[in-house]
Amino acid sequence: SILVSTISTDCSLDSYNQLADRILLVNTSKPLCRSFLERQQAINQTLMSVKGLIILDSTPFEKWRVSSPYLSPYFTQMMESSDVPILMVREPDWRQYDTFLATDNNKISIVREESLSDVKNIFSCTKQTKLNIGEYIDESDCQAGKTLMSNGSIIENICIKGTCSQYGRKCVSSEIKRFENLQVPILCKAEDLDDLKLEFRVRGKKLKDKATLQLPSGGRETYCCRSSQKNGTFLELYQDQTCSNSWNQVELLTEKCKWTDWFKSKDHIHRARVRLCVVQSSCIIKESYNTQGDSDIKLDQCQNIPEKCYSV
């Protein structure tokens, strides 16, 4: 199984209420944490709250006991019987990450060896803002950004560089070796895109400007409104090669759209919800509506404006 959560480094005995659904790190180089580990009742209560327990052991090398590595017979029994994952890490294996492990609310994962093949499930899309159009994902390029696929999904290829040590020495397991330079394609969720100012790209070329297209009313504009109702939505078009010359044509193109899920945006004066669609492999249709703050309630915006996408 894979366990992902934020960490707490609080070894005080009055912290049970703050430990719910977190991973407690007990650093035995600290007197308060050593005292905590001597109290079986405190440990039992803690295990009823936390998602996991990691003991950062500071026992000197010359005092390591291979036949009985844990801190006491009680710990040996607890490690074998607890429903909560408990991991003890020797100092040579954790000391180089001391700063990270000493910071509350950092996120860590505990992965059992049989679940290593599912390790990509612990990663999520980054804040990278480049959004490419096309079906091809270059797995050798971890800086290329996200890719908007024709089926409406957004994929990001991320690279993870890992190290593994056991008792201060490099791991020899071939299963671990592949994590030294791991490339993982991640399916981005809507919340991964919230408030990102996405930069649209086609074959490496940035699509800077919205297309200015013919309106059914005769004018030209960089957007149009899909409905005469107060709570209508707006369309915008970003194109490398010409996909459309009029908003009427864009409206027809949306009939074949495979849209992304709606996500939040700060691109507007107001807060907004946005979704995207790839057309003709080189253009992006963007649909949006403004909202009241962070709510999903649409602002009145389309009833009295002439920039309609369709012929009235």
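The values are calculated or read from the model by the stated rules, or taken from the named source; none is laboratory data. In this text the structure is predicted, and so the values were computed from the model without any measurement. No Cβ is skipped: glycine too gets one built from the backbone with ideal geometry, and neighbour counts run over all protein chains shown. SASA here: full protein model, heavy atoms, side chains in, ligands and nucleic acids out. Shrake-Rupley method; radii C 1.70, N 1.55, O 1.52, S 1.80 Å.
In table form, for the structure just shown:
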read-out: Complete set of residues in the stretch 175-219 that are open to solvent by less than 50 Å² (accessible area, probe 1.4 Å), among the aliphatic types (A, V, I, L, M) and under 22 Å from the mean Cα position of the chain (by Cα); value: 182, 184, 186, 190, 193, 196, 198
read-out: Filter result (among the β-branched types (Val, Ile, Thr) and not in a strand (DSSP E or B)) within the stretch 200-242; value: 212, 222, 233, 242
read-out: Residue among 278, 274, 250 that alone is buried (at least 19 other Cβ atoms within 10 Å of the Cβ), at pLDDT 90 or above, more than 20 Å from residue 129 (Cβ to Cβ) and of a type in the set (A, V, I, L, M, F, W, C); value: 250
read-out: So residue 172, is it at pLDDT below 80 and either surrounded by fewer than 13 Cβ atoms within 10 Å (Cβ to Cβ) or in contact with a Ser or Thr (Cβ under 6 Å, 6 or more places away or on another chain) (or both); value: yes
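Yes/no matrix, rows are residues, columns are (1) assigned to a helix (DSSP H, G or I); (2) more than 33 Å from the chain's Cα centre (by Cα); (3) modelled with pLDDT under 85; (4) on the phi > 0 side of the Ramachandran plot:
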{"residue": "46", "(1), (2), (3), (4)": "yes, no, yes, no"}
{"residue": "50", "(1), (2), (3), (4)": "no, no, no, no"}
{"residue": "68", "(1), (2), (3), (4)": "no, yes, yes, no"}
{"residue": "88", "(1), (2), (3), (4)": "no, no, no, no"}
{"residue": "103", "(1), (2), (3), (4)": "no, no, no, no"}
